[in-house]
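Worksheet for the structure shown next.
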Amino acid sequence: MDIRALGITKEFGRAAALRDVDLEVRSGELMALLGPSGSGKTTLLRVIAGLEQPDAGEIRFGDVDATPIPVRRRGVGFVFQHYALFRHLTVSDNVAFGLRARGRSRRPPPAEIARRVRDLLDLVQLAGYGHRFPSQLSGGQRQRVALARALAVEPKVLLLDEPFGALDARVRKDLRRSLREIHDATGQTTVFVTHDQDEALELADRVAILNGGRVEQVGTPDEVHDAPISAFVMGFVGESTQLPVEVRAGEVWFREARMAVPPQGCAPGPATLFLRPDDLAFCAPQDGWPGQVLMIRRAAGGRRAEVKLAGPGGHLVEIDLREGEAAMARGDIVHLRVRAGRVFPARADAAQSVESRPQSGRVPMP
Amino acid sequence: MAPAVRRLRVRAPSAIPGFGIALGYTLAYLGLVVLLPLSALVFKTAGLGWAGFAAIAGDPRILAALRTSFGVAFAAAVVASLFGLLIAWVLTRYRFPGRRLVDAAVDLPFALPTAVAGIALATLYAPNGWAGGVLAPWGIKVAFTPLGIFVALVFVALPFAVRTVQPLIGEIDRELEEAAATLGATRSRTVLRVILPPLLPGVLTGFVLAFARAVGEYGSVIFVAGNLPFVSEIAPLLIVIKLEEFDYAGATAVATLMLLISFSALLAINLLESWSRRRFGHV
């Protein structure tokens, strides 16, 4: 069942949570809605579920306009960040809740319900926990129960709102893999919300990146990471640092140095050069910019140096250290050259979005 | 073979000090304030001897009064619990103009001298009063009947029922209702299966308090009840009557009977409540 959001607008008070959002989730796809807090990702998920009514626009499930269908008949499975389990019911009764809530004609017989509950608890690796109460389970186990409960009603689409947000790193990783396996087994159209780019890139078939109530880009994890279409996406997905540059006559200039980077269609004028940590390389003094190593830290399994470039502004960049460069120490003077990078026009709202980013990018904009 | 050192352990070692002093204070306070007067009551009753006590316990007028007292108090507590739940729900869940005024008004029966409430109710429900006048043509008499006692007891017991469930309703997570909705549950099923079970311990606590308050109520009832022996006479009134006749032993005997019945009723309800807390109150 494919899901389409057409022109969805939703306002809370005077603040627009969603502005004319179009999104298509293909049938059987696992899609992530990724964005900073306040970007409207949870609101979009709740509008798809029917927990919020959009002020304008339409949600289509396949060929059906689902907008007027109330949440309880929409056939969505919804998993909440804080589980929302019924704490006075056992795990089995929680999972069976949706089946027992059906009208008499559609309700399976008790033996069938018991069998389905057992199968689902097997699926989420909680066989034998059926008689327990939610208070007797760990956070990860509770979220597995919530997942089983949502799957029990055989929803047309499965929606998860920051499903791993309340869990610690290790449990999060296990549960991520479980969700992927369950998705691959059931083939259910699945949308999950996250503010964690690693989660989105690792888990999803496609990622929709939201910012300020709009969809900035939709694409595979590789596309959004390697071919971001906006400064916001570039800054939000993956790690990067930024340099204020200028595009002049089809070339990119940082102060009085020409960068070995094409302007990538960026119009002449002030622009921002985004550099991934592996876009920079150390070089001989005559080939690059001098800078001082401020800090060396471990990141993503390797070592990374934070370098303050010489000259006014004191811009900071980050560079991954390769083997053989391990001898570098804090305070060393090094020379850097740019091997690759992405250029986006410097915009007022780009600066704003960079500010709200959770990580990296500490370069003040010009 | 050295003799093992045995120490009486009444508690597990804890990082929070003060167990000894807290328990000592609790027992001393309970003894002085609660148990001392009650034991004096039992002591005085004992002066009657078994035969005298049995005579009073078998007196049909006293039995009728006890039946009225506990029966009507039970009914009033049931009704107060149901309406209290409803009022608490409305006050917690909905925002409407004057909500705070209504919320404050719930406590009025606490603050009002109960005699005032009794006189007000008697005036209101008398056959020539506002409410009584409306009901009279239908043949419904409230004032000076057991129904009048019931109305007065609901009035004084209501705040207990409201105030015990109100905080629990505030704690219900909206997401639980949303989860039930996404699972296809109707609104009534959500209320019955998701919202009410966690409230049950609170409702029972409110019921216990309302019942205890209603059994002991005197001031408001005597004005509205009419106090007809065998019909609308309550046990506390009999105690007062006996006191006025200087029959102190008889008065304490009735009081002891009330005490016994109340204690067993409260004990039973408390056991039920702790069972429901275990069953429905998993945190």
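If I go through segment A:205-245 residue by residue, how many of them are under 26 Å from A:Phe80 (Cα atoms), part of a loop (DSSP other than H, G, I, E, B) and open to solvent by less than 10 Å² (accessible area, probe 1.4 Å)? Adding up the residues that qualify gives 2.
Taken over segment A:153-210, the criterion of being out of contact with any Gly (no Cβ under 8 Å at 6 or more places or on another chain) and closer than 21 Å to A:Ile8 by Cβ is satisfied by A:Leu160, A:Asp161, A:Glu162, A:Thr190, A:Val191, A:Phe192, A:Val193, A:Ala200, A:Ala204, A:Ala208. So B:Val142 clears everything in (1) closer than 27 Å to B:Gly202 by Cα; (2) crowded, with 21+ Cβ neighbours inside 10 Å except one condition, right? Which one? The number of the failed condition is (1).
Out of curiosity, is A:Glu24 out of contact with any helix residue (DSSP H, G or I) (no Cβ under 8 Å at 6 or more places or on another chain) and either open to solvent by 10 Å² or more (accessible area, probe 1.4 Å) or within 14 Å of chain B (Cβ to nearest Cβ) (or both)?
Numbers: out of contact with any helix residue (DSSP H, G or I) (no Cβ under 8 Å at 6 or more places or on another chain): yes; either open to solvent by 10 Å² or more (accessible area, probe 1.4 Å) or within 14 Å of chain B (Cβ to nearest Cβ) (or both): yes.
Criteria met by A:Glu24.
Among the candidates A:Ala17, A:Ala111, which residue alone is aliphatic (A, V, I, L, M), open to solvent by 10 Å² or more (accessible area, probe 1.4 Å), over 18 Å from B:Ala179 (Cβ atoms) and not in a strand (DSSP E or B)?
Details: A:Ala17 fails: not in a strand (DSSP E or B).
Answer to the check: A:Ala111.
Picking from residues in segment A:151-170 that are touching a His at 6+ places or on another chain (Cβ under 9 Å) and within 22 Å of A:Arg74 (Cβ to Cβ), the one that is surrounded by the fewest Cβ atoms within 10 Å (Cβ to Cβ) is A:Glu162. Would you call A:Ile59 closer than 28 Å to A:Val233 by Cβ, open to solvent by less than 20 Å² (accessible area, probe 1.4 Å) and of a type outside the set (Ser, Thr, Tyr)? Here the answer is yes, as A:Ile59 does meet what is asked.
Which one of A:Ala49, A:Ala96, A:Ala101 is surrounded by 14 or more Cβ atoms within 10 Å (Cβ to Cβ), free of Cβ contacts under 8 Å to residues at least 24 places away in the same chain and under 18 Å from B:Ala185 (Cα atoms)? Give the derivation first.
Values: A:Ala49 fails: free of Cβ contacts under 8 Å to residues at least 24 places away in the same chain; A:Ala96 fails: free of Cβ contacts under 8 Å to residues at least 24 places away in the same chain.
Matching residue, one of A:Ala49, A:Ala96, A:Ala101: A:Ala101.
Looking at B:Ile149, B:Ile119, B:Ile169, can you tell me which residue is under 24 Å from B:Ala210 (Cβ atoms), assigned to a helix (DSSP H, G or I) and either within 14 Å of another protein chain (Cβ to nearest Cβ) or open to solvent by 50 Å² or more (accessible area, probe 1.4 Å) (or both)? Steps first, answer last, please.
Working: B:Ile149 fails: either within 14 Å of another protein chain (Cβ to nearest Cβ) or open to solvent by 50 Å² or more (accessible area, probe 1.4 Å) (or both); B:Ile169 fails: either within 14 Å of another protein chain (Cβ to nearest Cβ) or open to solvent by 50 Å² or more (accessible area, probe 1.4 Å) (or both).
Exactly one of B:Ile149, B:Ile119, B:Ile169 is under 24 Å from B:Ala210 (Cβ atoms), assigned to a helix (DSSP H, G or I) and either within 14 Å of another protein chain (Cβ to nearest Cβ) or open to solvent by 50 Å² or more (accessible area, probe 1.4 Å) (or both), namely B:Ile119.
Considering segment B:224-239, the residues that are hydrophobic (A, V, I, L, M, F, W, C) and under 23 Å from the mean Cα position of the chain (by Cα) include one that is most open to solvent (accessible area, probe 1.4 Å), namely B:Val231.
With respect to A:Leu23, determine if the residue is assigned to a strand (DSSP E or B), under 26 Å from A:Gly219 (Cα atoms) and in contact (Cβ under 8 Å) with a residue 60 or more places away in the chain. Walk me through it before giving the result.
Details: assigned to a strand (DSSP E or B): yes; under 26 Å from A:Gly219 (Cα atoms): yes; in contact (Cβ under 8 Å) with a residue 60 or more places away in the chain: yes.
Yes.
Of the candidates B:Val156, B:Val134, the single residue that is away from chain A (no Cβ under 14 Å) and open to solvent by less than 10 Å² (accessible area, probe 1.4 Å) is B:Val156.
Taking the numbered list (1) under 20 Å from the mean Cα position of the chain (by Cα); (2) modelled with pLDDT under 90; (3) open to solvent by less than 40 Å² (accessible area, probe 1.4 Å) in turn, B:Val162 passes all entries but (2). Kindly indicate which of B:Leu108, B:Leu91 is open to solvent by less than 80 Å² (accessible area, probe 1.4 Å) and out of contact with any Lys or Arg (no Cβ under 6 Å at 6 or more places or on another chain). Of B:Leu108, B:Leu91, the one residue that is open to solvent by less than 80 Å² (accessible area, probe 1.4 Å) and out of contact with any Lys or Arg (no Cβ under 6 Å at 6 or more places or on another chain) is B:Leu91. In segment A:51-64, is there at least one residue being within 14 Å of chain B (Cβ to nearest Cβ), assigned to a helix (DSSP H, G or I) and in contact with a helix residue (DSSP H, G or I) (Cβ under 6 Å, 6 or more places away or on another chain)? Checked segment A:51-64: no residue is within 14 Å of chain B (Cβ to nearest Cβ), assigned to a helix (DSSP H, G or I) and in contact with a helix residue (DSSP H, G or I) (Cβ under 6 Å, 6 or more places away or on another chain). The residues of segment B:184-208 that are out of contact with any Ser or Thr (no Cβ under 8 Å at 6 or more places or on another chain) and open to solvent by 10 Å² or more (accessible area, probe 1.4 Å), listed by number, are B:Gly184, B:Thr186, B:Arg187, B:Ser188, B:Arg189, B:Val191, B:Leu192, B:Arg193, B:Leu196, B:Pro197, B:Pro198, B:Val208.
Residues are listed down the side, and each one gets a yes or a no for (1) assigned to a helix (DSSP H, G or I); (2) out of contact with any Cys (no Cβ under 6 Å at 6 or more places or on another chain); (3) surrounded by fewer than 19 Cβ atoms within 10 Å (Cβ to Cβ); (4) within 14 Å of chain B (Cβ to nearest Cβ):
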| position | (1), (2), (3), (4) |
| --- | --- |
| A:Arg115 | yes, yes, yes, no |
| A:Leu121 | yes, yes, no, no |
| A:Leu126 | no, yes, no, no |
| A:His131 | no, yes, yes, yes |
| A:Ser135 | yes, yes, yes, yes |
| A:Ala146 | yes, yes, no, yes |
| A:Arg149 | yes, yes, no, yes |
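Restricting attention to segment A:68-102, the residues that are part of a loop (DSSP other than H, G, I, E, B), more than 26 Å from A:Glu162 (Cβ to Cβ) and at the interface with chain B (Cβ under 9 Å from one of its Cβ atoms) total 1.
Each residue in segment B:82-116 was checked for being in a helix (DSSP H, G or I), more than 30 Å from B:Ile172 (Cα to Cα), hydrophobic (A, V, I, L, M, F, W, C) and at pLDDT below 90, and 1 of them qualify. When segment B:240-283 is filtered for residues that are within 14 Å of another protein chain (Cβ to nearest Cβ) and open to solvent by 60 Å² or more (accessible area, probe 1.4 Å), the ones remaining, listed by number, are B:Trp275, B:Arg277, B:Arg278, B:Arg279, B:Val283.
Every condition in (1) modelled with pLDDT of 90 or more; (2) within 14 Å of another protein chain (Cβ to nearest Cβ); (3) not in a helix (DSSP H, G or I) holds for A:Ser105 except the one numbered (1).
Assess whether A:Leu201 counts as being at pLDDT 90 or above, of a type in the set (A, V, I, L, M) and open to solvent by 30 Å² or more (accessible area, probe 1.4 Å). Considered against the rule, which asks whether it is at pLDDT 90 or above, of a type in the set (A, V, I, L, M) and open to solvent by 30 Å² or more (accessible area, probe 1.4 Å), A:Leu201 comes out as yes. In segment B:178-212, the qualifying residues are those that are within 11 Å of another protein chain (Cβ to nearest Cβ), in contact with a Lys or Arg (Cβ under 9 Å, 6 or more places away or on another chain) and more than 16 Å from A:Arg73 (Cβ to Cβ), and the one that is modelled with the highest pLDDT is B:Arg193.
Please specify each residue of segment B:61-84 satisfying the condition of being within 12 Å of B:Ala214 (Cα to Cα), β-branched (Val, Ile, Thr) and open to solvent by less than 10 Å² (accessible area, probe 1.4 Å). Across segment B:61-84, there are no qualifying residues.
Are any residues in segment A:1-23 of a type in the set (Lys, Arg) and in contact with a Gly (Cβ under 7 Å, 6 or more places away or on another chain), and if so, which ones?
Taking segment A:1-23 and keeping what is of a type in the set (Lys, Arg), we get A:4, A:10, A:14, A:19.
Result: A:Arg19, single match.
Among B:Phe211, B:Phe144, which is the only one that is in contact (Cβ under 8 Å) with a residue 60 or more places away in the chain and in contact with a Ser or Thr (Cβ under 7 Å, 6 or more places away or on another chain)?
On the way: B:Phe211 fails: in contact with a Ser or Thr (Cβ under 7 Å, 6 or more places away or on another chain).
Criteria check complete, one pass: B:Phe144.
The values are calculated or read from the model by the stated rules, or taken from the named source; none is laboratory data. Small disclaimer: the values here were computed from a predicted structure and weren't measured. Methodologically, a virtual Cβ is constructed for each residue, glycine included, from the backbone with ideal geometry; neighbour enumeration extends over all protein chains shown. Please note that ligands, DNA and RNA were not included when accessible areas were found on the heavy atoms of the full protein model with its side chains. Shrake-Rupley method; radii C 1.70, N 1.55, O 1.52, S 1.80 Å.
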